[in-house]
Each structure stands twice: as C-alpha cells, then as structure tokens.
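> Starting off with a structure, shown below.
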Amino acid sequence: MKTLIAILALSFVITGTASAVEPINDKCPVCDKTVRLIFHVNTPKGRVVFARADCMDKFAKTPGKYTVKPKP
C-alpha cells in the first residue's frame, strides 16, 4: 500500500511539472482567437497553443504557413 501511494504521489509531481511549460503565444496563429491550453504543439521555439483542435491540426500540417505572435 505504501508503494502504491508513493507511485501515485510521484506521478502527480511528474504530471504537474510537465504541464508547467509556458506557451509562447496568447492568440491562435490559425484563427486569431483566444487559446485553450489543451490544444498545443511543442516547437523548437517553445509551446504553441491553439483555440481548437482543427487549428492545431492545420498548423501541424503546414507550420510555415502561420505566424506565431509571441506574448507581449
């Protein structure tokens, strides 16, 4: 039982650390709407977030087509 609790505690720490990556943009580069953190792609410049899943898919297919405006 102690082992199970330790494993669960460690998984929460790892999950919390992984989700702490700060996005580089405030507006969706595809539709220019407010972003939702669940829709994201990690790029060499950082994590890019999107308004919708279809925006994320469009960006993933042709990333050079869209300009990512960094946060001010």
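> For Lys69, work out the one condition from (1) open to solvent by 90 Å² or more (accessible area, probe 1.4 Å); (2) at pLDDT below 90 it doesn't fulfil.
(2)
Yes/no matrix, rows are residues, columns are (1) out of contact with any strand residue (DSSP E or B) (no Cβ under 8 Å at 6 or more places or on another chain); (2) modelled with pLDDT under 95; (3) surrounded by fewer than 10 Cβ atoms within 10 Å (Cβ to Cβ); (4) part of a loop (DSSP other than H, G, I, E, B):
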| position | (1), (2), (3), (4) |
| --- | --- |
| Thr3 | yes, yes, yes, no |
| Gly16 | yes, yes, yes, no |
| Pro29 | no, no, no, yes |
| Asp32 | yes, no, no, yes |
| His40 | no, no, no, no |
| Arg47 | no, no, no, no |
| Phe59 | no, no, no, no |
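The values are calculated or read from the model by the stated rules, or taken from the named source; none is laboratory data. All values derive from a computational prediction rather than experimental measurement. With ideal geometry, Cβ positions are generated from the backbone for all residues, glycine too; neighbour counts draw on all protein chains shown. These accessible areas exclude ligands, DNA and RNA; they are computed on the full protein's heavy atoms, side chains included. Shrake-Rupley method; radii C 1.70, N 1.55, O 1.52, S 1.80 Å.
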